[in-house]
Amino acid sequence: MSNRDERVDIAANVARIRERMARAGERSGRALGDIRLIAVSKIVEPERVREAVAAGVTDVGENYVQEAAAKRSEVGGGARWHMIGHLQRNKAAQAVQIFDMIQTVDSQRLAEAIGKRAEAAGRTMSVLLQVNTSGEGSKSGAAPEEVERLLDSVREVAGVRVEGLMTIGRWDPDPERARPEFRLLAELAGRLEERCGAEVRWLSMGMSHDFEIAIEEGANLIRVGTGVFGPRPT
């Protein structure tokens, strides 16, 4: 975790992101307080994460269990931590100890691994079901047509609580091209509430380049890394 760019004003970045969130929220009839910013801190030094928390960030997202394990204790309290990368079942025990929410549950087997470890730790783990709304083979997530079945199976797993859905839109220079994928996730959420009686509290979608489109389509969790911390070292 080196090559820190001293010129990045994290507090100013957070303020700008919040302004953009507020405007996108207005366009979708929601207040800024209804939408939560997750600062994605992959390859970001703990002291810079602390700067983001000091600037009002309440949620931090990490892609790797080991990196989060090394970082969370250094960052200290004041934020909720989200697992937003693919989680291997053999890392479930460690993930349950570190994270407040796991956003990337895409199979019953993974849910069972998380639930078993959560029960052993005396807690219930908040999870989101990851959906591959773009259909890209490079992305994890359940197919849209499998989400109802996945929800039914995961809801039977002790130790986990399904609180919503997550997706990663396709990367495109034109963020508008991700809109159908975000809209599909919102439609799936409505279907789950209507057909399955699910309470879909969270829709996690949108990143630095397309979070405004995601908010317009119903996102209330957005995952922003570069927009908060600046470009990562290559």
Exercise for the section: Working only within region 140-161, note down all residues that are more than 19 Å from the chain's Cα centre (by Cα) and hydroxyl-bearing (Ser, Thr, Tyr). Expected result: Ser153
Practice task
Determine whether Glu176 is surrounded by fewer than 24 Cβ atoms within 10 Å (Cβ to Cβ) and either charged (D, E, K, R) or touching a residue at least 12 places away in the same chain (Cβ under 8 Å) (or both).
Solution key: yes
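Applying the selection to region 19-54, what residues are in a helix (DSSP H, G or I), within 23 Å of Gly76 (Cα to Cα) and free of Cβ contacts under 8 Å to residues at least 60 places away in the same chain?
Of everything in region 19-54, those that are in a helix (DSSP H, G or I), within 23 Å of Gly76 (Cα to Cα) and free of Cβ contacts under 8 Å to residues at least 60 places away in the same chain turn out to be Pro46, Glu47, Val49, Arg50, Glu51, Val53, Ala54.
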Completion exercise
When (1) over 16 Å from the mean Cα position of the chain (by Cα); (2) modelled with pLDDT of 95 or more; (3) under 20 Å from Asn13 (Cβ atoms) are applied to Arg232, the one that fails is (2)
Exercise for the section: Pick out the one residue from Arg223, Arg161 that is under 30 Å from Glu119 (Cβ atoms), touching a residue at least 60 places away in the same chain (Cβ under 8 Å), assigned to a strand (DSSP E or B) and charged (D, E, K, R). Expected result: Arg223
Problem - Which listed residue, of Gly169, Gly206, Gly164, Gly218, is closer than 17 Å to Val105 by Cα, under 17 Å from the mean Cα position of the chain (by Cα) and modelled with pLDDT of 95 or more - result: Gly164
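For residues in region 117-139 being in a loop (DSSP other than H, G, I, E, B) and buried (at least 16 other Cβ atoms within 10 Å of the Cβ), which is farthest from the chain's Cα centre (by Cα)?
Just the residues of region 117-139 that are in a loop (DSSP other than H, G, I, E, B), to begin with: 121-124, 132-139.
Then keep just the ones that are buried (at least 16 other Cβ atoms within 10 Å of the Cβ); that gives 132-134, 139.
Working: Asn132: 14, Thr133: 15, Ser134: 17, Lys139: 15 Å.
It comes out as Ser134.
The values are calculated or read from the model by the stated rules, or taken from the named source; none is laboratory data. Keep in mind that this is a model prediction, so the values were computed, not measured. With ideal geometry, Cβ positions are generated from the backbone for all residues, glycine too; neighbour counts draw on all protein chains shown.
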